[in-house]
Structure formats: C-alpha cells, structure tokens
Amino acid sequence: MPLFLDPLKHHGHLNSVHITIACVGSRKLSPRDDIGVGWQTFAPNLTIHGFDADADACDAANQDLAQRQVPWREVHWPVALTDQVGESTLYVTQHPMCSSLFPPNEAFLGRFARLPELVNLDFTVEIETTTLDEFCRQEQIAGIDFLQMDVQGAELKVLEGARSALPTVLGIQTEVAFSPLYADQPLFADVDRYLRQRQFGFFNFEFRGSPGVRRRSPVQSKSRGGQLLWADAIYLRELTFSEQATPETLNRLFKLACIADALDFTDYAIDLLVSLTLKSDRNYADSILEGLAQVPDLVNHGLAKLPVVQHIQEQLSDEAASRLR
C-alpha cells in the first residue's frame, strides 16, 4: 500500500504532476486487470493508453470506462505494437489471451499440464502493426512515464520500437519468460540486458499464476510446485540527485518517487523524497512524516527517534513538528 501519495496529494504536491501510462496488452480478463485502480490517486492528472490487437476487447474496455465515468483519461486503442510499422502474423492461440507475434512452442508446451489447452495454436491472421514511437508521434504524446507490457514474448520488440519514447520512461512492469513458451521468443535475460543498458534497475518479480507442472507426473512437490516459466519483472529508472539538478530533473526525481510509492517500493520512494527535501528547494517533510505515521510499529517505537525523521526535522512545519513532542 502506498504510504506517501495521499499525504503528497493533500499538501498539493501532486497538483503539477501528470502521469502518463502506456499499457501494451491491455485486455481486461478480471477486475484486477483494471489499470487505473493502482494509479487513481493521480487523478485527474492521469492519462492511460491501452493497446491490444483485439478490437472487441478495446471496445468493451472503452464502453466500461464511459459507463463508470472514471475521473481520469483512459483510452484503449485497437493497435498491435511491435518494433516496426507494417504487417505481422498474429498466432491466435486456443485461449485468445495467449496469442502472440511468435508461434507457440508446442513441443515444449506439451510437456506441461494445462498449457497446451491454452497456448497451442488455433489459427493465424495477418495484422497491421506500429511502434510506440510512431503512435506517440501521431498522437503528439510528449512522453510516457510508466510502461506496462504483457504481449506474450514480444515485449523486447515493443521496447525496440520505443527508442525515442524510452528515455522519458521512469518505470516498467513487463511480463518475462524464463523458458521458450513461444518459438524464438526473447527470454528474461534478453529483456533484462536491454533495460540495464538503458539505466533501468531491476527491482523485483511479481508472480502470477502457478508454476509449470510436468504432464506425466502424478505428484507435485509442496515446497517446489514446478518449473517457474514466467513472471512480471519490475524496473525503475536509476536516477541520483545532483547539486546542479535542473527543475526538469527535480520533477523527474519527484515523479520517480511517486511511481516507486505507487508500486509499493516504499524504501526507494522515501530515499528520493528525503534527498529532494534536504538537497533542493523542494520540501516534502510533512508528507514524509504523515506517511510514516500510518505505520503503527513506527508510531509505537516513536517517530521522533527515527533517523530519517531526525534528518528532516528542520524542514518540518511547526504544526508537524509539534506532533513529535
């Protein structure tokens, strides 16, 4: 749960911050796929662009958003993003959610329970593709702050089609594979290498679904459920504070702190907020204290005893400082 976003918004610090999110592979299969839920604190200064090759899924998502009248801008585009503008073959699988620009690796999939029924090929179709760079150019989008991808092995292709957009991106959540579910698909190591070369740091995995269990086995270990085949990997931009930081850099550092908090990387968020408070003309001390005050163990220990609070004590308002006495 984010600690600092609500206090930051209460003190007006989010008024001048606009977050733009690109979600590539935005088909909604359940309420947990609602992108805006985790980012709604930024509303109304929040724009979400969803992309999916399935026009019907995009229509359904847009109709749902219109009916709910969400307080942010969110549009789902029936567009397939990859590394080139042109045409590509879409390999439509037994369950449409597993469709990919790469053909299913059926020989490998056949060794696991339940996977062939989802990922084996149903039919192919030729589709038009474009790049995130070209989309941003056509729609006059100045930058993307957070990029989310789930395109069944084509994530690296999306990144390669975002060479101009990627420098503006501060955070990425992308599905990665550890074994070739699709023929010739890039694996985690390929995506990880590409992002590390562009100053992104790997932060954590988010695991979804169950591990792959071999079809022939009548038993399954309780301690090791099976082979880990895929997960979501989360990356954040590695930015450091400089005494010569420009206002634009300070804005990016603050956005990065907010994104880190939204993703529950509380330690990174507070590190950035404290650096900004101590080393620039930005003062987030009251918001930091209010965020920490939401943690009962810290309150019981005594907020005033925390080294981080002692570091920002001089930046606290009189009202906030009085709560420590």
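Taken together, the values in this text are just the output of simple stated rules run on the coordinates, not laboratory data. What you see is a predicted model, and the numbers here were worked out from it, not measured in a lab. Backbone-built Cβ (ideal geometry, glycine too); neighbour counts: all protein chains shown.
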Charge dipole of region 89-181 about the Cα centre (unit charges at C-beta), most positive-ward option of VAL92, ILE127, GLY153: GLY153
For the chain, calculated [θ]222 nm from helices alone, where every DSSP H run of n ≥ 4 adds -39500 (n - 2.57): -9000 deg cm²/dmol
Pairwise FRET efficiency - ASN204 versus LYS305, Cβ, R0 = 25 Å, nearest 0.05: 0.30
Straight-distance crosslink candidates among aspartates and glutamates, where the alpha carbon sits under 16 Å from LYS9 and sequence neighbours closer than 8 are dropped: ASP261, ASP286, GLU290
Mean Cβ count within 10 Å, highest first, over the residues of peptides 131-140, 287-296, 215-224: 287-296, 131-140, 215-224
Solution diffusion estimate, µm²/s, Stokes-Einstein, region 1-154, Kirkwood Rh from C-alpha pairs, 20 °C, viscosity 1.002 mPa s: 125 µm²/s
Shape call, region 2-89: gyration tensor on alpha carbons, a/c limit 1.5: prolate
Degrees separating the helix 266-279 axis from the principal Cα axis of the chain, which is the longest one: 40 degrees
Radius 13 Å from Cβ of GLU238, net charge of other residues (Lys, Arg +1; Asp, Glu -1): +3
Packing-based order for 181-191, 152-162, 199-209, 110-120, using average beta carbon neighbours within 10 Å, highest first: 152-162, 181-191, 110-120, 199-209
Set of lysines near LYS222 by C-alpha distance (under 20 Å), chain-local residues within fewer than 8 positions excluded: none
Cα pair count fraction exceeding 21 Å, expressed as % - region 194-271: 49 percent
Cα centre as origin, Lys/Arg/Asp/Glu Cβ charges: the chain dipole, Debye: 1020 debye
Cα-based shape type of region 186-316, given that a ≥ b ≥ c are square roots of the gyration tensor eigenvalues and the cut on a/c is 1.5: oblate
Candidate values [x] 23.1, 96; [y] 25.0, 88; [z] 22.0, 69, label of the one derived for Rg and Dmax of the Cα atoms in Å: [z]
